[in-house]
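Enquirer: Below you will find the structure I want to go over with you.
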Number of protein chains: 2
Amino acid sequence: MVGWLLLAESSSPGGFDFILMADLKPLFSLDGDLVAAEALLRDVFGIVVDEVIRKGTSASEKVCEWKEPEELKRLLDLELRSQGEAPEQILARCRAVIRYSVKTCHPHFFNQLFSGLDPHSLAGRVITESLNTSQYTYEIAPVFVLMEEEVLKKLRALVGWSSGDGVFCPGGSISNMYAMNLARYQRYPDCKQRGLRGLPPLALFTSKECHYSIKKGAAFLGLGTDSVWIVKTDERGKMMPEDLERQISLAEAEGAVPFLVSATSGTTVLGAFDPLEAIADVCQRHGLWLHVDAAWGGSVLLSQTHRHLLDGIQRADSVAWNPHKLLAAGLQCSALLLHDTSNLLRRCHGSQASYLFQQDKFYDVALDTGDKVVQCGRRVDCLKLWLMWKAQGGQGLERRVDRAFALAWYLVEELKKREGFELVIEPEFVNVCFWFVPPSLRGKQENPDYSERLAKLDREPSHWASLNVLRLMRDSLLSCCRALAGNSGH
Amino acid sequence: MVGWLLLAESSSPGGFDFILMADLKPLFSLDGDLVAAEALLRDVFGIVVDEVIRKGTSASEKVCEWKEPEELKRLLDLELRSQGEAPEQILARCRAVIRYSVKTCHPHFFNQLFSGLDPHSLAGRVITESLNTSQYTYEIAPVFVLMEEEVLKKLRALVGWSSGDGVFCPGGSISNMYAMNLARYQRYPDCKQRGLRGLPPLALFTSKECHYSIKKGAAFLGLGTDSVWIVKTDERGKMMPEDLERQISLAEAEGAVPFLVSATSGTTVLGAFDPLEAIADVCQRHGLWLHVDAAWGGSVLLSQTHRHLLDGIQRADSVAWNPHKLLAAGLQCSALLLHDTSNLLRRCHGSQASYLFQQDKFYDVALDTGDKVVQCGRRVDCLKLWLMWKAQGGQGLERRVDRAFALAWYLVEELKKREGFELVIEPEFVNVCFWFVPPSLRGKQENPDYSERLAKLDREPSHWASLNVLRLMRDSLLSCCRALAGNSGH
């Protein structure tokens, strides 16, 4: 069938293109609409600059004009109707969407592990959206196929690998799933065809501070959450290698086959870095795939000063790293990096769909990366990072990371000076976790119910009244310093 | 731990926000950088309008300035270095990226199942990128949480459901995997925890013209590609219900447990619509989950004239529908729709990560949709479709779909008039599949080696020379008419 489709073009160079298309041309004249399209887009670009870039980053404006769901529904008039609306109305809608949305680029936005506004990254994203292509073949995305490989190569080099493979995924959770699937496939290639049924129970290991996507992934991949063995962490939130050894023994004693350890570089809450060298030793001893979920902490590799936190990462088999977090590249920019040079990605995920990945193209079909992934169409996620990197340089990004650390320390010093603030732990990353102790509880640390009363405060309705916008700081200052760094360039 | 983080804010309304932040403020002054950021973005917006919107949609410009990979690498200078670059150089890079990229909005772009340029959708995408948020909680995306639900409700209504559930996924392949996982979970809820090992072999059914993501999904989900039973198609490429019955019997005879049928509404190559009513009857008889992969054909539901092609879709359990294809909403806009009202999505995929999906929020936490999915951060994919719909109205979108059909028929008529063009089948959708028969083969249809020689032409190097840009029409006129419709509005 595909052969048929191909023939029409290949045997008629210039054939129907110039004959048939000439007839069709009058049907798709854009002249009239183009003017309107341009006008609309220029207006919207202006609104974005005014309302998001300028006001959204101004500390004197609100992070969010908070509305209760029912009121917001009424204000937005979300219903989709039969009749279209006039241009002015559409522009008003654009303004309303921005007005009632959270400004994640606002300097007081501390809610998430992403924030800030990098103008070069945003420029890259706007170009990406306007070009609207998919990352799967060289013919459809020549620039981006080459660019993705270059960006991945750079990220791999920072991990410490001179060769390897990789792909951008729609988020770190999916990157982690890829790692699990690759490790499983490497151990049991038959699994792709025959599934898990013929296999012994598999076991993977991660710490109790790991990201929840590990368990979600185990369920999605048919392994089941029971296949996830939870390794203890120390008081800093780091995986304890001796307990990893113990869990591996326990799993084996129960008849399970260990195949993967997922270490975390930068846990979500505490910002802890698992001891990768010691974990790599364990993996080496047992022949296990070492995956490092560095979605949050991977960007520390850019800093000569702080990259020691990830010492040993070069011994991993795979690394998940989200530059949309600490580097502010914009959602989503999630790389899965592999040390593998045996084409494991393609062997594990390939299906050789003949209508898309023809083998008789006039360029090296190894450039058609689409069969490396479980997606079909795949967004272009490399340009925003590439353009930002070109503008900042590795040095600029390094300064940004170092500055985030410096701001975290500054914040810690400020907290220590203030009555009523109590650090949970001394941070080693940019997660600053602390209590605010209300006057009624101060000096009562020794009381047996102190912790309970402190924790309970959060749930008392009397504390909710004035929290609307402040609640947006839900994770307290988790991402504060990074936001600052991301916002102010170098 | 999470309790601790929450406390800091909730017990100090206005507390550290006004005290501590005041001290930090001088550190993140944006004043200087903001001017540069605005200037850059205004310049880039101008480049996008000139180079993509205006030139990219002009039939007198090239679809793509084609370069061989090695030359393109040299032209782009992709390497990421330590030193950053000056603003003029960055703008030059933006121009180069656009210059050498394929203009999927070009009227002569026929390579893929997406194309065209809808300015309202693009406006929505630019706003989405500038707001840079994730779809998972109401507090972080109040507008988009409500908007996604409204858009999904509208799409469900077009399917024929007055209630249900759904979510936007990163592409139709992942939507299909969700359907497979949900069907599996519904049948065997224990699978989430215990995995596939304790289960009998499962069987799912789809036609030989189905999208390759079904097999990819079966492998990824641990079922294995062997669990996919291929049902025969008729001469139009439609699944044969009687063969579906037969395959179910065969699977059962081998000890497998059928659990899912994935029908296709709009196959990738021929554009065939499986007979959903008859397939639904089979599913009902055997108690199977009916998934409809309407990634390509779902948008036909907007057309009163043509929606009969999907008759029976209201009997499905799940539907995958990609408005980024026929409706030109922009990559990616992929909805998974569910008839379920029992919170299956959340039960199947939820992990109740306590630091993100706290249960003690001051709004209805059912609005926090993040735990319905296997991703953590999830892009906002609803605004582009919503804004386009508001501008065009359902009627405008319906006209667009009807026009694509009309253009397909027009093209077919033109092909029939021209010597050397031979239809593969009479299309029922907008996929127009045909041969171009070179003079040397004309009138030789009766020769035994006719088909072989016709197919072989594609692989002869002599046909490659002048194909550079024309090769971009790889799938011949597959998406031609849709592109035209998408480009010219209503």
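Enquirer: Can you report the number of residues in region B:216-227 which are surrounded by 22 or more Cβ atoms within 10 Å (Cβ to Cβ) and under 12 Å from B:Ala203 (Cα atoms)?
Expert: Pass one, region B:216-227, residues surrounded by 22 or more Cβ atoms within 10 Å (Cβ to Cβ): B:216-224, B:227.
Imposing the further condition that a residue be under 12 Å from B:Ala203 (Cα atoms) reduces the set to B:218, B:223-224, B:227.
The qualifying residues number 4.
Enquirer: Taking A:Asp293 and the conditions (1) closer than 20 Å to A:Met177 by Cα; (2) in contact (Cβ under 8 Å) with a residue 40 or more places away in the chain; (3) surrounded by fewer than 24 Cβ atoms within 10 Å (Cβ to Cβ); (4) not hydrophobic (A, V, I, L, M, F, W, C), which numbered condition does it fall short on, given that it satisfies the others?
Expert: The number of the failed condition is (3).
Enquirer: Turning to a different aspect of this structure: Among the residues of region B:187-236, how many are under 25 Å from the mean Cα position of the chain (by Cα) and of a type outside the set (Lys, Arg)?
Expert: Pass one, region B:187-236, residues under 25 Å from the mean Cα position of the chain (by Cα): B:204-225, B:227-231, B:233, B:236.
Next cut, of a type outside the set (Lys, Arg) only: B:204-207, B:209-214, B:217-225, B:227-231, B:233.
Total satisfying the criteria: 25.
Enquirer: Only one of these conditions is not met by A:Leu196: (1) hydrophobic (A, V, I, L, M, F, W, C); (2) assigned to a loop (DSSP other than H, G, I, E, B); (3) more than 10 Å from chain B (Cβ to nearest Cβ). Which number is it?
Expert: (3)
Rundown of residues vs (1) surrounded by 14 or more Cβ atoms within 10 Å (Cβ to Cβ); (2) out of contact with any strand residue (DSSP E or B) (no Cβ under 8 Å at 6 or more places or on another chain); (3) under 17 Å from A:Met147 (Cα atoms), yes/no style:
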| position | (1), (2), (3) |
| --- | --- |
| B:Glu38 | yes, yes, no |
| B:Ile47 | yes, yes, no |
| B:Glu51 | yes, yes, no |
| B:Glu65 | yes, yes, yes |
| B:Glu71 | no, yes, yes |
| B:Asp77 | no, yes, yes |
| B:Arg81 | no, yes, yes |
| B:Glu85 | yes, yes, no |
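Enquirer: On to the next question. Pull up region B:46-66, narrow it to residues that are among the β-branched types (Val, Ile, Thr) and facing chain A (nearest Cβ under 9 Å), then point me to the one that is farthest from B:Arg95 (Cα to Cα).
Expert: Applying the first criterion (among the β-branched types (Val, Ile, Thr)) to region B:46-66 yields B:47-49, B:52-53, B:57, B:63.
Now narrow it down to the ones that are facing chain A (nearest Cβ under 9 Å): B:47-49, B:52-53, B:57.
Details: B:Ile47: 7, B:Val48: 9, B:Val49: 11, B:Val52: 10, B:Ile53: 13, B:Thr57: 16 Å.
Checked region B:46-66; the qualifying residue farthest from B:Arg95 (Cα to Cα) is B:Thr57.
Enquirer: Sticking with this one: Working carefully through the options A:Gly370, A:Gly330, A:Gly394, find the one that is facing chain B (nearest Cβ under 8 Å) and on the phi < 0 side of the Ramachandran plot. Give the steps one after another, and end with the answer.
Expert: Details: A:Gly370 fails: facing chain B (nearest Cβ under 8 Å); A:Gly330 fails: on the phi < 0 side of the Ramachandran plot.
Of A:Gly370, A:Gly330, A:Gly394, the one residue that is facing chain B (nearest Cβ under 8 Å) and on the phi < 0 side of the Ramachandran plot is A:Gly394.
Enquirer: In addition: Quick test of your reading of the structure: B:Leu385 fulfils all but one of (1) in a helix (DSSP H, G or I); (2) within 30 Å of B:Arg187 (Cβ to Cβ); (3) within 11 Å of chain A (Cβ to nearest Cβ). Name the failing condition by number.
Expert: (2)
Enquirer: Follow-up question, since we're still on this one. Could you list all residues from region B:400-419 that are more than 8 Å from every other protein chain (Cβ to nearest Cβ), crowded, with 18+ Cβ neighbours inside 10 Å and either of a type in the set (Gly, Ala, Ser) or in contact with a helix residue (DSSP H, G or I) (Cβ under 8 Å, 6 or more places away or on another chain) (or both)?
Expert: B:Arg400, B:Val401, B:Arg403, B:Ala404, B:Phe405, B:Ala408 - these are the residues of region B:400-419 that are more than 8 Å from every other protein chain (Cβ to nearest Cβ), crowded, with 18+ Cβ neighbours inside 10 Å and either of a type in the set (Gly, Ala, Ser) or in contact with a helix residue (DSSP H, G or I) (Cβ under 8 Å, 6 or more places away or on another chain) (or both).
Enquirer: Can you tell which of B:Leu260, B:Leu250, B:Leu204, B:Leu244 is surrounded by fewer than 20 Cβ atoms within 10 Å (Cβ to Cβ) and outside any loop (DSSP other than H, G, I, E, B)?
Expert: On the way: B:Leu260 fails: surrounded by fewer than 20 Cβ atoms within 10 Å (Cβ to Cβ); B:Leu204 fails: surrounded by fewer than 20 Cβ atoms within 10 Å (Cβ to Cβ); B:Leu244 fails: surrounded by fewer than 20 Cβ atoms within 10 Å (Cβ to Cβ).
None of the others qualify; the one that does is B:Leu250.
Enquirer: From the list B:Ser162, B:Ser115, which one is free of Cβ contacts under 8 Å to residues at least 40 places away in the same chain, more than 7 Å from chain A (Cβ to nearest Cβ) and part of a loop (DSSP other than H, G, I, E, B)? Show your work before the answer.
Expert: On the way: B:Ser115 fails: free of Cβ contacts under 8 Å to residues at least 40 places away in the same chain.
Answer to the check: B:Ser162.
Enquirer: Tally the residues that are under 9 Å from B:Val63 (Cα atoms) and either hydrophobic (A, V, I, L, M, F, W, C) or more than 7 Å from chain A (Cβ to nearest Cβ) (or both), restricting the search to region B:94-112.
Expert: Our first condition is that a residue be under 9 Å from B:Val63 (Cα atoms); within region B:94-112, this holds for B:101-109.
Narrowing the set further to residues that are either hydrophobic (A, V, I, L, M, F, W, C) or more than 7 Å from chain A (Cβ to nearest Cβ) (or both) leaves B:102-103, B:105-106, B:109.
The number of residues fulfilling the criteria is 5.
Enquirer: Something else now. Return the only residue of A:Pro119, A:Pro87 being closer than 16 Å to A:Gly330 by Cα and not assigned by TED's automatic domain parsing to the domain that holds A:Val374. Break it down stepwise before answering.
Expert: Working: A:Pro87 fails: closer than 16 Å to A:Gly330 by Cα.
Just a single option satisfies the conditions, and that option is A:Pro119.
Enquirer: Now a separate question. So, of the residues in region B:263-272 that are touching a Gly at 6+ places or on another chain (Cβ under 6 Å) and in a loop (DSSP other than H, G, I, E, B), which turns out to be nearest to B:Ala218 (Cα to Cα)? Spell out the reasoning first.
Expert: Step one: filter region B:263-272 for residues touching a Gly at 6+ places or on another chain (Cβ under 6 Å), giving B:265-267, B:270, B:272.
Those left that are additionally in a loop (DSSP other than H, G, I, E, B): B:266-267, B:270, B:272.
Values: B:Gly266: 21, B:Thr267: 19, B:Leu270: 24, B:Ala272: 23 Å.
Step by step, filter region B:263-272, then rank; the result is B:Thr267.
Enquirer: Among B:Leu155, B:Leu182, which is the only one that is outside any loop (DSSP other than H, G, I, E, B), over 23 Å from A:Lys216 (Cα atoms), assigned by TED's automatic domain parsing to the domain that holds B:Leu344 and modelled with pLDDT of 95 or more? Don't jump to the end; show me each part of the working.
Expert: Numbers: B:Leu182 fails: over 23 Å from A:Lys216 (Cα atoms).
Testing whether each residue is outside any loop (DSSP other than H, G, I, E, B), over 23 Å from A:Lys216 (Cα atoms), assigned by TED's automatic domain parsing to the domain that holds B:Leu344 and modelled with pLDDT of 95 or more leaves just B:Leu155.
The values are calculated or read from the model by the stated rules, or taken from the named source; none is laboratory data. As the structure is a prediction and not an experimental result, all values here were calculated from the model. Note that each Cβ is placed from the backbone with ideal geometry, even for glycine, and that neighbours are counted across all protein chains shown.
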